[in-house]
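The values are calculated or read from the model by the stated rules, or taken from the named source; none is laboratory data. On a predicted model such as this, the values are computed, not experimentally measured, just so you know. Neighbour counts run over all protein chains shown; Cβ positions are idealised from the backbone, glycine included. To get the accessible areas, we keep the full protein, side chains included, count just its heavy atoms, and leave off ligands, DNA and RNA. Shrake-Rupley method; radii C 1.70, N 1.55, O 1.52, S 1.80 Å.
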Amino acid sequence: MLLIPCPNCGERDEIEFDYGGRAIQYPALNNSMSDWHMVLHQRDNSTETIEEFWYHQSGCECWFKVTRNLNTHEFES
Amino acid sequence: MQIRRLKTGGCIDRSKPIYFSFNNRLLDGYEGDTLASALLANNVSLVARSIKYHRPRGIISAGLEEPCALVACADEHGMMIPNLKTTEARLNKGLTARSQNCWPFVELDIGALLQMGSALLAVGFYYKTFMWPKDWWHRVYEKFIRRAAGQGRVTYDADKRLYDKKYAHCDTLVIGSGPTGIEAALSAAESGVSVILIEQDCVIGGSVLWEKTSTDSLTTIKLKQYKNLRFMVNTLAFGQYDHGLILAVEQNKKNVESIFWRIRAKSIVFATGATEQPLVFPGNDRPGIMLAAAVRQYIYRYAVIPGKRAFLAIADQQERELTEKALQVAGVEIVGSLGEGDQITGTSGWHRLRKVHLLNKKSISCDLICVSNGWISNAQLSAQMGDKQTFATSLEQRPNPQQHTGSAKAFVDLQNDVTRDDLALAVREGYSHIELAKRYTTVGMGTDQGKTSWPNAIVELERLSAQDSSRVGLTTFRPPVSPVSFGALVGVETGQRMVPIRRTPFHNAFEKAGCVFQTTGDWLYSRYFRVGKESMNDAILREVSAVRTSVGCVDMSTLGKVDVKGRDALEFLSRVYCNNIDGIKPGRLRYVLMLREDGILYDDGTVAQLADNHFLVTLTSANAGQSWRWLNKLLQLPWPDLDVQLTPVSDHWASLAIAGPQSRNLLADLNPNFEIDKTSFPFASVKQGLLDDDTPCRVFTVSFSGELSYEINVPAGFADQLFKRVLDKGAAYDISPYGLETLDALRIEKGHISVGTEIDGRTTAADLGLGKMVSTRKAFIGSSLLQRPVLQQPDRMQLVGLIPADGSSTIPAAAHLTDAPWQVGKTQTPLGRLTATVHSPTLGHSIALALLERGPQRINQKLWAVSPVEDKSVEVLVVGNCFYDVEGSRLHE
Ligand SMILES: [Zn+2]
């Protein structure tokens, strides 16, 4: 059970959050099919850190991006 | 009779006797006793039988590490709780305990046998009777024995006990209240930070309790001085998780069985002590063989004499001296001590130890062997998060004793009956790493988590395989450190409390109107409304007929509703939905489709414009939560620059749709303060105002049934009033409320798509015949990836309707479409699949919706709907997906 740093609420227990998946840089809507394909479907598989989205569902409903160390679960700012 | 109790000393209260029952024998002990200490005081040495060989077993330890003395105890409701450690179970009034792994006949006969004078006879009966002749074991006894095998038995009854959960936070969490833990807690408290000290035992003190003769009451007083220090006894910390989370269970509470604690700490002090390790020698499992520190604990803490004649097998000198001193206090005769280089070659006795045999052929008569093979740090909790170093260090620091050999079984794991020979076999088979040997032999995999077995197993594996410890490795430590009941983990979230039930604002009023409910997702939703004693099918026929010929009403409150405001509201919606909605005007609404980023259809709903820069969006009930999350994600992550405010208003509104040719007349009877004639309130519009009883309302002209329809939204608190008035005024039209069954029949008759059936995560808008709704002159979520070639293939599955070719057969549900009937053993490639089937009340025959390869091109073809599950094939005619009022003229009447 992680302690997740919400930008509004500070560190809160994982049960308050919903996982938003791997963080992506959204292309513009009119970007090409291959741009969207690369962003959505072609991901690297790092063993070190991951950028991910979290949603503070049972809190302030903020969506935010964090970097998490996959080995220690520590959040890096 | 507590014939083995010392007259004085110990942390027991001799003024408070407690009576309890063990194997139907009435025994007594004192407050402060564990079940184990009380049994020993009553001179009960045989407590359990072992899992595999059913060997007599006694009490080895005085704590959580106990591998042998497990019993079943009855709780106050009479429910038997299996596998309780006698060393952990506090003695309380009326405690009823029984030995486990017992031959069932013994259980039944135990009372009669007890009258013959000895409980031990009852236990021995089984062995004496069934161990010989030897070859009968496999042929005769085993199948009976297997029935009685396994560690304890669970009951099939529901657990009536109450369990609770709580949270706690602190700066410093100290686990363990021995001298180290107390020191750490006091110095942390002194510095002013918030401290929690938890102790698994029922009193503070740890080893102080048995290395001295009484509880240090001063310690408790000292702890109580600090307001920032909280201490909890009877609390087992059993798991460590990320970011300082400790899970613990507090037991022996007055009103609840246990409290499951989640404690979040900034720093954690593990002062969990160490566990003394037994010695591996032939016959080392006989009742009467006990860990040296446990012997001291029974003498000092419980004032119990664990034996009369003690033999010592303790390598460490200090440990030996402490034990000798304790035995002298208890008046126990010390009959010998294992000398350097000497070996224990075996023991004898049956229910109880009688003799120890040494290498020099000498046998010594004794009823207690105090063993110690060094101490291993209780580092399980810190090891759970990957720290194995503490274990490795304490393994290295252990004395490396003489190997004891002999013909009898030498047990390494007393709970799982794993012997040295078993480990030797594992090594011969190539499983010398502890992680492999463990799985091959089950060593260390018992409910005691191998607290007294894995360190010896590692030493034995090293010897047997002639490898050093780095090759043998260490085991992996996982929660829980000691068993925790499922009840404690589940808490109160059982039965109906497991998932909250959502009821719509109309629930109570519907209940009175004869509604039969069913769960759909989180909701308890109306299924149909029963009149008199009619069947469900009759009710559906009546409800459908009311909607098609007069008027019906249905609850639409479960739809997700989002209020969208802001300068960029239309721009936002136009990016989210694939439709061209930029031409929408205040007072009008559109049926809209939402795609996923990859172009697949995700949800349908409506967008209604209430005013300039103000919209109300509806979301499919099943997707409401997900869609809300998704809209927020888009607005907060890629498009924070848009001026849009989203408000979830799903629960604010009670929504009742009136549908049918008479619905406009019924609306007129409710007398809203706005025009409702055909021209001023056409299909796909919204109006806001008041009904004549001053109920504020929003009315939408949308239809899921294909009939003229008005969805009346009122603030949730007005639900009862609205439903009552609709029924009252509707009586003139013979109105019928309807539920999910009719809703579904009506939508299939109209060929409307639905989330979960046609919108199934694989289909595009074009697949479902809605390609024209997809804008080609703007970019929206999913527009790029919708262009993927695979989504443009002409042979994709597309939505069609099906009717039985003979006009009357029932089309099987969830069938596949093929060009020949189903035949066992014959492989067929399906051309499509059915998504919905219903017996159409309006048409009087079976109809179905299906996704069919090149569907629209196959209209008027005949295919077979085959269901291998039902072993049924029905010939069907492919038709368009709308079965009723194809032109849609009824919406505009
Ligand atoms: Zn927050």
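Grab the beta carbon distance between residue B:489 and residue B:469, set R0 = 45 Å, and tell me the FRET efficiency rounded to 0.05.
Computed FRET efficiency for residue B:489 and residue B:469 comes out at 0.80.
Quote the charge dipole size of the protein assembly as shown about the Cα centre in Debye, to the nearest 20; the model charges only the Cβ of Lys and Arg (+1) and of Asp and Glu (-1).
In debye, rounded to 20, the protein assembly as shown gives about 3000.
If you roll a 1.4 Å probe over region B:163-273 with all protein chains in place, what percent of the accessible area is carbon or sulfur?
That fraction is 52 percent.
Got a number for carbon plus sulfur as a percent of region B:794-890's accessible area, 1.4 Å probe?
50
Using the crude model of +1 on Lys and Arg Cβ and -1 on Asp and Glu Cβ, and no other charge, please compute the dipole size for chain B relative to its Cα centre, in debye to 20.
Dipole magnitude for chain B comes out near 2440 debye.
Set Lys and Arg Cβ to +1 and Asp and Glu Cβ to -1, take the dipole of the protein assembly as shown about its Cα centre, and tell me which of B:456, B:650, A:41 lies farthest positive.
After comparing all options, I get B:456.
I'd like the FRET efficiency for residue A:44 and residue A:69, computed as 1/(1 + (r/R0)^6) with the beta carbon distance as r and R0 of 22 Å, rounded to 0.05.
It comes out at approximately 0.90.
Under the definition of partner shielding as Cβ atoms of other protein chains within 10 Å of a residue Cβ, what is the mean value for peptide A:6-14?
1
Any idea what diffusion coefficient region B:163-273 gets from Stokes-Einstein, in µm²/s, Kirkwood Rh on alpha carbon pairs, 4 °C, 1.567 mPa s?
The estimated diffusion coefficient comes to 93 µm²/s.
In terms of modelled amide H atoms, which long-range or inter-chain residues lie less than 5 Å from the amide H of residue B:764?
Under 5 Å from the amide H of residue B:764: B:601.
Each residue of region A:53-67 in turn: what ³J(HN,Hα) in whole Hz from Karplus with 6.51, -1.76, 1.60 and θ = phi - 60°, glycine and Pro shown as x?
Coupling constants for region A:53-67: 9, 10, 10, 7, 4, 8, x, 8, 6, 7, 9, 8, 10, 9, 10 Hz.
Given the -39500 (n - 2.57) contribution per DSSP H run of 4+ residues, what per-residue ellipticity at 222 nm results for the protein assembly as shown, rounded to the nearest 500 deg cm²/dmol?
It comes out at -6000 deg cm²/dmol, rounded to the nearest 500.
Would you please report the Å³ per residue occupied by the convex hull of the alpha carbon atoms in the protein assembly as shown?
Residue-normalised Cα hull volume stands at 241 Å³.
Estimate for me the total accessible surface buried between chains B and A (protein heavy atoms, probe 1.4 Å, no ligands or nucleic acids), in Å² to the nearest 100.
2400
Holding the Cα-Cα limit at 30 Å, pick out from B:16/B:166; B:633/B:750; B:561/B:678; B:224/B:325; B:826/B:862; B:166/B:227 the pairs that are longer than that.
B:16/B:166; B:633/B:750; B:224/B:325
Could you give the Stokes-Einstein D for chain B in µm² per second, using the C-alpha Kirkwood radius, 20 °C, 1.002 mPa s?
The estimated diffusion coefficient comes to 64 µm²/s.
By the scheme Lys and Arg +1, Asp and Glu -1, what is the net charge of all other residues having a beta-carbon under 14 Å from that of residue A:44?
Counting the neighbours of residue A:44, the net charge comes to -1.
If you bin every alpha carbon distance in region B:422-504 into 10 Å steps from zero, what whole percent lands in each bin?
Bin by bin from 0 Å, the calculated values are 17, 36, 17, 12, 11, 6, 2, 0.
Over region B:607-647, what percent of the accessible surface lies on carbon and sulfur atoms, probe 1.4 Å?
C and S fraction of accessible area: 46 percent.
So which residues in region B:607-639 end up with at least 30 square angstrom less accessible surface once the other protein chains are there, compared with the chain by itself, probe 1.4 angstrom?
For region B:607-639, once contacts with the other chains are taken into account, B:628, B:629, B:633, B:636, B:637, B:638 lose 30 Å² or more.
Compute the Cα gyration tensor for region B:560-649, then decide on rounded, prolate or oblate, letting a ≥ b ≥ c be the square roots of its eigenvalues: rounded whenever a/c is under 1.5, prolate when a/b is larger than b/c in the other cases, and oblate in all that remain.
It is rounded, given that a/c, with a ≥ b ≥ c, falls under 1.5.
Tell me, how many Å apart are the Cα centres for region B:599-665 and for region B:252-296?
57
Considering only protein heavy atoms, what per residue accessible area in square angstrom results for chain B with a 1.4 angstrom probe?
43
Based on Cα coordinates alone, diagonalise the gyration tensor for region B:1-89, multiply each eigenvalue by 5, take square roots, and list the semi-axes in whole Å, largest first.
22, 16, 12
How tilted is helix B:179-190 with respect to the longest principal axis of chain B? Cα atoms for both, answer in degrees (0 to 90, nearest 10).
Long axis of B:179-190 versus the principal axis of chain B: about 50 degrees.
Using the charge dipole of the protein assembly as shown (Lys, Arg: +1 at Cβ; Asp, Glu: -1 at Cβ; taken about the Cα centre), state which of B:437, B:500, B:838 has its Cα farthest towards the positive end.
B:437
How many nm separate the modelled label positions at residue B:318 and residue B:242, each set 7 Å beyond the Cα in the direction of the Cβ?
It is 4.1 nm.
Among the aspartates and glutamates, which have Cα under 16 Å from the Cα of residue B:362 when same-chain residues fewer than 8 positions away are ignored?
Partners within reach: B:340, B:342.
Please report Rg over Rh for region B:621-704, where both radii come from the alpha carbon positions and Rh follows the Kirkwood definition.
Expressed as Rg/Rh, it is 1.09.
Contact order normalised by length for region B:274-377, with contacts defined as Cα pairs under 8 Å and 6 or more residues apart; what percent is it?
Computed over region B:274-377, the figure is 42 percent.
Pop a pseudo-label 7 angstrom from the Cα along the beta-carbon direction at both residue B:333 and residue B:790 and give the gap in nm to one decimal.
Label at residue B:333, label at residue B:790, 8.5 nm between them.
Provide the packing ranking of B:398-404, B:554-560, i.e. peptides ordered by the mean count of other C-beta atoms within 10 Å per residue, highest first.
B:554-560, B:398-404
From the square roots a ≥ b ≥ c of the eigenvalues of the alpha-carbon gyration tensor of region B:794-890, which class results: rounded (a/c under 1.5), prolate (a/b over b/c), or oblate?
Oblate is the answer for region B:794-890, as a/c is 1.5 or above yet b/c matches or exceeds a/b.
Once the dipole of the protein assembly as shown is set up with Lys and Arg at +1 and Asp and Glu at -1 on Cβ about the Cα centre, which of B:289, B:792, B:260 lies farthest towards its positive end?
B:289
Could you list which residues have their amide H under 5 Å from that of residue B:653, counting only those 5 or more apart in sequence or on another chain, with H placed in the peptide plane?
Hits under the 5 Å cutoff: B:716.
Distance between the C-alpha centers of region B:519-589 and region B:404-436? Whole Å please.
One Cα centre to the other: 68 Å.
So for chain B, averaging the separation of alpha carbon pairs under 8 Å that are six or more residues apart and normalising by length, what relative contact order in percent results?
Computed over chain B, the figure is 8 percent.
In nm, give the distance between the simple-model label positions of residue B:518 and residue B:355, each being 7 Å from the Cα along the Cα-to-Cβ direction.
7.7
Pop the C-beta distance of residue B:387 and residue B:362 into the FRET formula with R0 = 60 Å and round what comes out to the nearest 0.05.
According to the calculation, E is roughly 0.85.
Under 12 Å from the Cβ of residue B:655, count the other residues' Cβ atoms, weight Lys and Arg +1, Asp and Glu -1, and hand me the total.
Around residue B:655, the surrounding residues sum to -1.
With a 10 Å radius around each residue's Cβ, average the other Cβ atoms per peptide and rank A:13-23, B:622-632, highest first.
Descending packing order for the listed peptides: B:622-632, A:13-23.
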